[in-house]
């Protein structure tokens, strides 16, 4: 198990967040092709994530679906007044997903999902204009979710999953807007926590009220990653301050918010299906990213005060012989309130355009491709809650984001 | 793993990188030089003339990093994007600051200050300066900023004469001696001979500051139009200032260039004068009792003087010395008080919020006047005239400064080719906290990022804010579009 985790961590390294906050909606190629809908779609083991109740509606006895969705996202910042400008150089993100569902009998199916629903990797140039807020951040999470579903009758089923969550976070920022060592290199701190574990759950219900209409409801609980006594490394501290800022440990909590999904799928005929999903992510749980250092740095107060946010998704799939063509669109509203915009998750409202293609090689094997393009507007934003020496120092300017993902996966079913 | 697999996985990576290539680009990216222009200004020959603030002096020294980030150097870098030419500065030899005189260090010109976080005090950086006063530089220098220069020094022949540096008393300035074109030249002449197409003049600071930073020990030279009779800490006569200033501007404009004039900031916006509180003295009950009985005789003497009609009741009130547990006002000497030495009563009182206690006094308050002595500065021994600016002295400074600034503005307003930059107003804003969008600075000593550790001169960041103000003025006044700089990219104070 340990070894598996290591390998998975390697693969899921550096996933750029591209949804609001650090939610990373790339949990399946088939779903992504249809605008990342799936709460009421039951054509692959991806249901383990989207709605475990759907497991009993799968046609096959065994369905194993998995893939990887490389994503490249970047952000740019500039301030017209000061001519300050910076761009991120984010690593390619490689979020993975793996799902398996096995039918026990007509009523009961069980399954396993391994996926990375939260992640973030943002690398600004060291010492850029906002370096007192962030130089680099890397967040990785892996959810391992065994699940079971029970079908009451032809119409209704419920499903439940329990998630074991493991996360890594690394965060570097400058200690202030000016402190530097004797060589003029800005003083900075890196905090790093790995293998922070927590538990979560999800529960879903699926209702096939007619041969053409399916409804789904899914709720995913919030997960709190609590880093305790993890290393904090203070670098480039001037010598007369080194006694005050020795390397130390820190405590911090990071919340992975809960999410509620309401979904509907409508089958026009045997070949064409339209899906509509509504997600509400309970970002209001993300109040701050306070870090308690066990040295004279004390507590770094970083209010976030996100608000709950909605995503509206629409997807369509049309099947022609062994090909399935998919297209989708979604509107992702940012959870960040005005004045709370930080460069660690510099995303604003976006529109996602998706497409997908599957090819059934045989009765058992299907190849899946997906493509996502996110449209962002340029926007003005500020973070007005940075405190230094008793005064508040706002950080404002224009941001522009881009993100493109290209995923591929395989489905095996019998 | 064979080479085929390696090549394939490399190919896959390449494909992915191409497929996912996306850069975040703005519609109007900063740094897009196509929009930049100098308007009606010709920035090809830019000359700056002034004092330490123009030279890039900071942390009580002139050092390389400070010079490289002087406001004229910052301006020149921006000007270069819109037709500006080379910009030569009389660079010192190192980042220590400090000067050598014929190989000898001089305690009057120490190394730059750095902040020792353990003692919470500034101290000179260790090292031996390598900047030799008597190895003059050659060539013309665009930055004609000379630390210590007052208005009348600009037109004083021999102000850069090495012989005058060694004379006693010195008649020349060692900083100018390093790069004066010849012994008998003037700063103005060396500036004018470069035929500036554009100039910035910021002079007059020392005409008030040297009086202010010496605690008002100099003389107010109001009415005296003969600078050769002035002492170094005197307050310059405003009429003398006005006539010299006008002469300097006329000479700088002679080549047909345009220019910018900068006014003189208020001392109440400068941390050197505002950092040490008047009630800097924490006392416990025991000390309060001791001091109260110690001053009982003085207070009784004041009562007698009042009854003898030698002083008013207001003055008696003002001079009475009282202490209580907690923060207490320091005791200071005030020469403006009625002379009661005939009654063996010294001219002392406790400071009020209207007095400005100099930054250099901070380390003195409550300390023994000499080792082992029980006489403590500001407690049972008054702080001296040189430690404090009293309201009367502050009034003199303000009156002179406002007169200087009126002259500067008047000259700028009467000439279409000359713009006026109100740095006094800018530094007043800085004192309240000045936000530049991606950060902010304020005038708090050591932590505000605007002022260097000498408390008078700016940090590189502070100078960059001044540069932006000048650029704004030029952009508006000469219909130019010169890009500003990001103050956050400039350094603040240095720690040990």
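The values are calculated or read from the model by the stated rules, or taken from the named source; none is laboratory data. Because the structure is a prediction, the values reported are computed rather than measured. We place every Cβ from the backbone using ideal geometry, glycine too, and count neighbours over all the protein chains shown.
Numbers at a glance
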{"read-out": "Selection status of residue B:64, touching a residue at least 12 places away in the same chain (Cβ under 8 Å), crowded, with 17+ Cβ neighbours inside 10 Å and in contact with a helix residue (DSSP H, G or I) (Cβ under 7 Å, 6 or more places away or on another chain)", "value": "no"}
{"read-out": "Candidate set from the range B:428-442 (those that are under 28 Å from residue B:111 (Cα atoms) and away from chain A (no Cβ under 11 Å)); member that is surrounded by the most Cβ atoms within 10 Å (Cβ to Cβ)", "value": "B:430"}
{"read-out": "Filter result for residue B:82 (within 14 Å of chain A (Cβ to nearest Cβ), in contact (Cβ under 8 Å) with a residue 24 or more places away in the chain and surrounded by 14 or more Cβ atoms within 10 Å (Cβ to Cβ))", "value": "yes"}
{"read-out": "Subset of the range B:431-452 [touching a helix residue (DSSP H, G or I) at 6+ places or on another chain (Cβ under 7 Å) and within 20 Å of residue B:52 (Cα to Cα)]", "value": "B:443, B:445, B:449, B:450, B:451"}
{"read-out": "Candidates A:120, A:74, A:51, filtered to the one that is away from every other protein chain (no Cβ under 14 Å) and within 22 Å of residue A:382 (Cβ to Cβ)", "value": "A:120"}
{"read-out": "Sole exception among (1) under 18 Å from residue B:458 (Cα atoms); (2) outside the structural domain of residue B:428 (by TED's automatic domain parsing) for residue B:270, by number", "value": "(2)"}
{"read-out": "Count - residues of the range B:351-405 that are under 19 Å from residue B:277 (Cβ atoms), in contact (Cβ under 8 Å) with a residue 24 or more places away in the chain, touching a strand residue (DSSP E or B) at 6+ places or on another chain (Cβ under 8 Å) and part of a loop (DSSP other than H, G, I, E, B)", "value": "12"}
{"read-out": "When residues of the range B:282-303 are limited to those that are touching a helix residue (DSSP H, G or I) at 6+ places or on another chain (Cβ under 9 Å) and surrounded by 15 or more Cβ atoms within 10 Å (Cβ to Cβ), the one nearest to residue B:359 (Cα to Cα)", "value": "B:283"}
{"read-out": "Test: residue in the range A:93-111 that is over 21 Å from residue A:256 (Cα atoms) and within 14 Å of another protein chain (Cβ to nearest Cβ)", "value": "no"}
{"read-out": "Those residues of the range A:375-393 which are in a strand (DSSP E or B), under 26 Å from residue A:352 (Cα atoms) and more than 9 Å from chain B (Cβ to nearest Cβ), in sequence order", "value": "A:375, A:379, A:380, A:381, A:383"}
{"read-out": "Selection status of residue B:313, closer than 17 Å to residue B:353 by Cβ, in contact with a helix residue (DSSP H, G or I) (Cβ under 7 Å, 6 or more places away or on another chain) and loosely packed, with under 14 Cβ neighbours inside 10 Å", "value": "no"}
{"read-out": "Of all residues making up the range A:304-323, the number that are assigned to a strand (DSSP E or B) and in contact (Cβ under 8 Å) with a residue 40 or more places away in the chain", "value": "10"}
{"read-out": "Unique residue being within 30 Å of residue B:255 (Cα to Cα) and surrounded by fewer than 21 Cβ atoms within 10 Å (Cβ to Cβ) when the list is B:422, B:385", "value": "B:422"}
{"read-out": "Extreme residue, nearest to the other protein chains (Cβ to nearest Cβ), among residues of the range B:86-123 that are loosely packed, with under 13 Cβ neighbours inside 10 Å and in contact with a strand residue (DSSP E or B) (Cβ under 8 Å, 6 or more places away or on another chain)", "value": "B:103"}
{"read-out": "Test result for residue B:220, under 29 Å from residue B:402 (Cα atoms) and touching a residue at least 24 places away in the same chain (Cβ under 8 Å)", "value": "yes"}
{"read-out": "Odd one out for residue B:74 among (1) within 14 Å of another protein chain (Cβ to nearest Cβ); (2) over 19 Å from residue B:474 (Cα atoms); (3) surrounded by 19 or more Cβ atoms within 10 Å (Cβ to Cβ); (4) modelled with pLDDT of 85 or more", "value": "(2)"}
{"read-out": "Residue check, residue B:302 part of a strand (DSSP E or B), over 23 Å from residue B:368 (Cα atoms) and touching a residue at least 40 places away in the same chain (Cβ under 8 Å)", "value": "no"}
{"read-out": "Residues (within 15 Å of the chain's Cα centre (by Cα) and crowded, with 24+ Cβ neighbours inside 10 Å) located in the range A:60-95", "value": "A:69, A:71, A:73, A:93, A:95"}
{"read-out": "Subset of the range B:316-337 (residues that are more than 25 Å from residue B:268 (Cβ to Cβ) and in contact with a strand residue (DSSP E or B) (Cβ under 9 Å, 6 or more places away or on another chain))", "value": "B:320, B:321, B:322, B:323, B:324, B:325, B:326"}
{"read-out": "Residue match in the range B:432-448 (condition: touching a residue at least 60 places away in the same chain (Cβ under 8 Å) and outside any loop (DSSP other than H, G, I, E, B))", "value": "no"}
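Yes/no matrix, rows are residues, columns are (1) within 14 Å of chain B (Cβ to nearest Cβ); (2) free of Cβ contacts under 8 Å to residues at least 40 places away in the same chain; (3) buried (at least 16 other Cβ atoms within 10 Å of the Cβ); (4) at positive phi:
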position: A:210; (1), (2), (3), (4): no, yes, no, no
position: A:213; (1), (2), (3), (4): no, no, no, no
position: A:231; (1), (2), (3), (4): no, no, no, no
position: A:235; (1), (2), (3), (4): no, no, yes, no
position: A:239; (1), (2), (3), (4): yes, no, no, no
position: A:242; (1), (2), (3), (4): yes, yes, no, no
position: A:250; (1), (2), (3), (4): no, no, yes, no
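A quick yes/no check of all residues on (1) modelled with pLDDT of 95 or more; (2) in a loop (DSSP other than H, G, I, E, B):
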{"position": "A:82", "(1), (2)": "no, yes"}
{"position": "A:85", "(1), (2)": "no, no"}
{"position": "A:98", "(1), (2)": "yes, no"}
{"position": "A:127", "(1), (2)": "no, yes"}
{"position": "A:147", "(1), (2)": "yes, no"}
